[in-house]
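See structure below.
The values are calculated or read from the model by the stated rules, or taken from the named source; none is laboratory data. Note that the coordinates shown come from a computational prediction; the quantities given were computed from them, not determined experimentally. All Cβ positions, glycine included, derive from the backbone under ideal geometry; neighbour counts span all protein chains shown. When the accessible area is computed, the model is the full protein with side chains, heavy atoms only, and any ligands, DNA or RNA have been set aside. Shrake-Rupley method; radii C 1.70, N 1.55, O 1.52, S 1.80 Å.
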Amino acid sequence: MLSVFGTTNRCFENHTAKNGLFLQFFQPDLDFTVEDEFELKNRLTKQTVADAINQYKTDRNAQDLLFQFGRCLVHFAVDDHEVWMCTELKGRESWFLPFNKGFKDGAGNPPNPDGIATDYLWKEMLQPLSLTNILENFAQLVEETDQKGRKRRKQVFPRYHQVDVVRKILTHATGHGVGHRYLVQHSAGSGKSNSIAWLGHQLVELKKEDAPIFDEIIVVTDRKVLDKQIKDTIKQFAQVSSVVGWATHSGDLRKFIEAGKKVIITTIQKFPFVLDEIGDQHRDKKFAIIIDEAHSSQGGRTMAKMHMALGEGKDGEDETYEDQVNKIMAARKLLTNASYFAFTATPKNKTLQLFGEEQKDGTFHPFHSYTMKQAIQEGFILDVLRYYTPINSYYRLMKRVEDDPQFDAKRAQKKLRHYVEKNEHAIRRKAEIMIDHFHEEVIKKKKIGGQARAMVVTGGIQRAIDYKLAFDTYLAERKSPYKAIVAFSGDHEVGGKEVDEAAMNGFPSSQIPETFRADENYRFLIVADKFQTGYDEPLLHTMYVDKVLSDVKAVQTLSRLNRAHPLKHDTFILDFVNGADAIQKAFEPYYRTTVLSESTDPNKLHDLKADLDGRQVYSWAQVDQLVQLYLGGAQRDKLDPILDLCVAAYVGDLDTDAQIDFKSKAKAFVRTYSFLAAVLPYSNAEWEKLSIFLNFLTPKLPAPPDDDLTKGILETIDMDSYRVEVKAQMNIALPDEDGTVGPVPIGGTGGKPEPEIDYLSNIVRQFNELFGSIDWKDTDKITDVIGKEIPAKVSADKAYQNAKQNSDKQNARIEHDRALERVITDLVLDHTELFKRFMEDPNFKKWLSDMDFQATYHSKAA
């Protein structure tokens with residue numbers, strides 16, 4: 001029996017129900033009660049948490065008053081090893097989520113030397129003060145309204161890692177005050193938006209000795225969808241809704257301050273404009289800055305501008321040039337009157353050094369982590385690499401000019417690859433594969449109870465538009481009931497007219513997420529960058545990838561599939577571009593806690609500066625002069641003459657390799673200094689001046705001459721054939737160890753690569769050898785069979801001849817395919833490999849059928 005005692009204005013009572021224990025919670029000013037219910041099991045008696053969950057699903061009547069939605073706060077299934085919870089009983093559809101601490105970055109709970117592994121539930125979480133804190137500051141009954149005005153209520157109860165991270169941050173901030181950094185590494189799909197919202201609204205009331213620790217809470221996100229999501233979540237709490245402001249415009253901030261708003265939510269895109277409004281009146285205040293997806297919001301001029309606006313102290317009336325330089329350097333530093341709370345699933349090296357905790361061995365670790373490994377093992381998110389299938393594309397090109405011109409071979413190969421991948425036939429063929437796969441493997445198998453959606457990831461806006469047109473055409477040909485949505489930014493030309501995504505979709509852009517989720521006709525979302533990060537849709541089951549993905553971008557993109565759903569048991573990825581090794585390498589650092597091996601060496605800045613000075617593109621007198629003019633508010637006509645002299649020296653005195661070396665090192669210096677200036681314990685005025693100077697100079701430096709020695713090559717070739725081959729489905733396993741990332745690399749070197757000139761015939765031959773392989777044991781014989789023998793035999797088929805002469809093209813195609821299958825069957829003894837490939841590989845079968853029909857439909861029988 002579990003005992004919980006009363007508090008000053010609330011009381012609790014225990015009841016033993018027929019099938020378990022429930023805790024009843026009374027709130028005097030309400031006319032109803034809220035209960036927590038428990039089903040307790042003991043593994044020593046061969047009863048586990050799985051039995052408890054099954055008992056909830058089969059023995060509880062969700063229509064009973066006690067179990068009705070909104071009456072019972074949460075249902076716990078507990079044994080001596082694990083805790084699971086559910087907020088709404090729906091019979092067999094009841095959805096239980098883990099409520100465990102985690103062990104070795106994975107699922108479960110650590111061994112408890114003082115008791116059973118799950119006693120934290122009643123010894124920590126369900127103590128009176130803890131439970132009332134959860135009820136007041138975490139648990140919510142949320143009402144959502146869709147675009148048609150239909151309302152849907154959802155009950156929210158926090159996961160263990162969400163309560164844990166918020167409480168640990170609040171405890172540390174209370175004990176240590178302002179001026180600290182907290183990096184939270186929580187897996188994608190782990191509920192970061194709720195964690196951020198719960199932290200933000202509790203920081204408002206955080207006090208020490210009755211004095212607030214923070215005067216203003218600023219929540220910064222680079223995801224517009226999450227911007228609204230965080231705002232709505234925070235405003236669900238009545239006690240803080242009146243102090244929340246959503247800064248969509250710069251002028252909103254002043255209005256919020258005057259109205260007494262303490263929580264300001266904005267996007268990173270709007271943040272610089274918000275900062276313009278803060279002014280001196282806020283510089284004596286203490287700030288909590290919560291940054292979502294921190295790697296997108298750190299360093300650089302935005303951070304410096306934020307610090308100048310929020311920093312301590314006032315501007316002096318008689319500042320000297322050196323005073324101004326010193327003020328900018330101070331602004332680059334992390335503020336002493338602000339604490340930073342950075343949330344990300346994929347911390348980069350910069351993020352770890354900027355916001356992580358430095359250890360005695362020089363490594364940097366997150367303050368709190370809820371790993372991808374734990375989330376997957378608990379079933380809270382799905383393993384998107386479990387069913388990963390790469391596709392190899394094969395193409396053959398042919399030379400269509402009689403002469404044999406010469407081109408840069410290496411660049412030509414890249415240009416030819418781009419040419420064939422964006423070729424209309426290739427786009428159409430890949431669209432067919434995606435649509436056929438979705439209908440056969442997703443719809444017919446009723447993935448997510450028949451509600452599954454798919455995302456098509458493309459390499460650019462034009463490619464996304466091409467896919468949208470190909471999808472519309474082929475879906476209509478299949479008489480499919482499903483439709484595709486395309487998502488991209490801006491206006492682009494289609495058929496000689498400028499169109500945007502709204503015009504192509506037939507509804508406003510703002511309705512894309514809701515339409516894709518709610519309208520069962522829309523099953524494909526074709527994207528070009530948009531929705532690849534920060535998009536949370538549990539109905540996404542399948543992803544078709546036609547874009548090079550690497551590092552964090554690969555993790556963020558593929559993780560769109562990992563959101564859990566009660567009826568979602570797997571995901572699927574069909575990848576036309578990337579290999580399994582590249583995807584595995586991208587995911588490895590983020591499977592467990594990510595650690596920075598060492599900090600970036602600031603001595604590299606000394607080396608870069610010495611190399612830049614040595615090129616003599618500028619003098620230090622010019623650097624000083626320009627920076628002093630700029631800080632004094634001089635106009636462009638005063639700055640350009642200094643810069644133009646430097647550009648003239650760059651062009652006149654440096655050869656091509658030296659120009660490339662100087663410009664790349666100049667960019668590397670500015671980029672690295674912008675980051676290191678925030679974390680170094682000291683300042684360097686020369687570095688600051690050079691950074692300002694190079695920020696003005698590098699945009700004016702002309703690109704080195706770059707003769708395109710591949711110009712015209714696309715006019716000399718045609719695509720002879722294109723086919724794809726689906727490789728074996730695989731489970732990409734990740735190593736069970738902490739992911740380590742190295743310090744920020746400081747590049748900035750290199751010269752212009754020498755072109756490799758070769759004849760067009762050799763370039764085409766090499767390209768076909770790389771991408772046109774058919775992988776037969778006897779390629780020459782098979783090529784002859786496919787190109788000559790099969791078309792001749794199919795053309796001679798009587799039923800096919802009759803259909804061509806007396807029926808339409810559709811019926812002719814039906815008879816052709818029957819004839820082709822008969823011909824292939826007759827070849828089984830002489831060409832077993834061809835027969836097997838035709839019968840077992842649907843993509844090869846379709847390719848051969850399409851090619852042979854095109855070759856035979858207008859020809860006469862032999």
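Modelled spin-label separation between Y630 and E789, with each label point placed 7 Å from Cα along the Cα-to-Cβ direction: 7.3 nm.
Among the GluC sites (Glu not before Pro) within the range 56-146, those in coil by DSSP and having at most 15 neighbouring Cβ atoms inside 10 Å are E93.
Under a 1.4 Å probe, what is the accessible area of the range 70-125 per residue, stated in Å²? If you can, show how the numbers build up before the last one.
Numbers: 2350 Å² over 56 residues.
Per-residue accessible area for the range 70-125 comes out at 42 Å².
The modelled label-to-label distance between N112 and S130, using points 7 Å beyond Cα along the C-beta direction, is 0.9 nm.
Taking chymotrypsin sites (Phe, Trp or Tyr not before Pro) across the range 122-172, none is in a DSSP loop with at most 16 further Cβ atoms lying within 10 angstrom of its Cβ. Whole-Hz Karplus values for the range 94-108 come out as 4, 10, 9, 10, x, 10, 10, 6, x, 9, 6, 6, x, 6, x Hz, taken residue by residue from phi with 6.51 cos²θ - 1.76 cosθ + 1.60 and θ = phi - 60°; glycine and proline positions read x. Globularity index of the range 809-862 is 1.14 (Cα radius of gyration / 2.2 N^0.38 Å, N = number of residues). Backbone geometry of the range 55-65 corresponds, through the Karplus equation with coefficients 6.51, -1.76 and 1.60 at θ = phi - 60°, to 3J(HN,Hα) couplings of 5, 4, 6, 10, 9, 8, 9, 4, 8, 4, 3 Hz, x marking Gly and Pro.
What's the carbon and sulfur percent of the range 95-156's accessible surface, probe 1.4 angstrom, rounded to a whole number?
On the way: 1720 of 3310 Å².
Percent of accessible area from carbon and sulfur atoms in the range 95-156: 52.
A cut-off of 5 Å between modelled amide H atoms, ignoring neighbours fewer than 5 places along the same chain, links L525 with A454, M455, V456, I485. The slack between S489 and N603, meaning 0.36 nm per residue of separation minus the straight C-alpha distance, is 36.9 nm.
Could you work out the local net charge near G362, counting Lys and Arg as +1, Asp and Glu as -1, over the other residues with Cβ closer than 14 Å to its Cβ? Numbers along the way, then the final one.
Numbers: positive: K360; negative: E357, E358, D361, E598, D601.
Value of the local net charge: -4.
Sequence-ordered 3J(HN,Hα) estimates for the range 817-824 from the Karplus curve with 6.51, -1.76 and 1.60 and θ = phi - 60° stand at 5, 5, 5, 4, 5, 5, 5, 4 Hz, glycine and proline given as x. Each label point was placed 7 Å from the Cα along the Cα-to-Cβ direction; for F835 and D581 their separation is 3.7 nm.
Note on R478: accessible area is roughly 80 Å² with a 1.4 Å probe, heavy atoms of protein only. Remark on V219: its backbone amide H falls under 5 Å from those of I264, I265, T266, I290, a criterion applied only to residues 5 or more positions apart or on other chains, H modelled at 1.01 Å from N. Multiplying the residue separation of T174 and D51 by 0.36 nm and subtracting their alpha-carbon distance yields 40.1 nm. Classification of the range 412-529 by its C-alpha gyration tensor yields an oblate form. The axis ratio a/c (a ≥ b ≥ c) is 1.5 or more, and b/c is at least a/b. The length gained by stretching the chain between D59 and E514 to full extension, at 0.36 nm per residue less their Cα-Cα distance, is 160.3 nm.
Leaving out ligands and nucleic acids, and using a 1.4 Å probe, what accessible area per residue does the range 149-215 come to in Å²?
Numbers: 2550 Å² over 67 residues.
With the other protein chains kept in place, the range 149-215 gives 38 Å² per residue.
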